[in-house]
1. Fewest Cβ neighbours within 10 Å first, please rank K18, K69 accordingly.
2. Tell me the label-point distance for the pair T58, A102, using the 7 Å Cα-to-Cβ offset, in nm and rounded to one decimal.
3. Hey, rough spin-label estimate for L24 and E88, points 7 angstrom out along Cα→Cβ, what's it come to in nanometres?
4. Which one of Y110, G89, Q99 is farthest out on the positive end of the charge dipole of segment 51-117, using unit charges on Cβ (Lys, Arg +1; Asp, Glu -1) and the Cα centre as origin?
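Taken together, the values in this text are just the output of simple stated rules run on the coordinates, not laboratory data. For clarity, every value in this text was computed on a predicted model and none was experimentally measured. Positions of Cβ are backbone-derived with ideal geometry, glycine not excepted, and every protein chain shown enters the neighbour counts.
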Amino acid sequence: MACFLLLNGRVNQLVKSKFQLEDLLFWPDISQEESAFVHRLAVRRRYSGGKTSSALLTWAVEYAQILGKRYLRLNCDASRPRLRAVYEGFDFRHHSNRQVGAYFVSRYEYEIPPQIT
């Protein structure tokens, strides 16, 4: 998924991310059926610190809810405190840390409320 902005006649990419319904590499120990996953969330520096990442995460939560998922899960490099603070500020709960190959990651989850019909 990518988000673009037309500014001064030029197309600028604001954010990109990947939404998945399975992640056996970083989350092999949890039920894949009840989760959706966000990977590679990247916001251009000039748009960071605003509401861009929150908007993308809100969309991901809403889409996962429509799909009947219980959790939205993601991970990031454990040594990135500012990125971790973004997720924690969105109310993601730290699930665990895990070594995945050469990467030591912090894993986060957001419990999705049931969809009210």
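1. Values: K18 13, K69 19.
The order, fewest Cβ neighbours first, is K18, K69.
2. Between T58 and A102, the simple spin-label model gives 3.8 nm.
3. 3.3
4. Of the options given, the answer is Q99.
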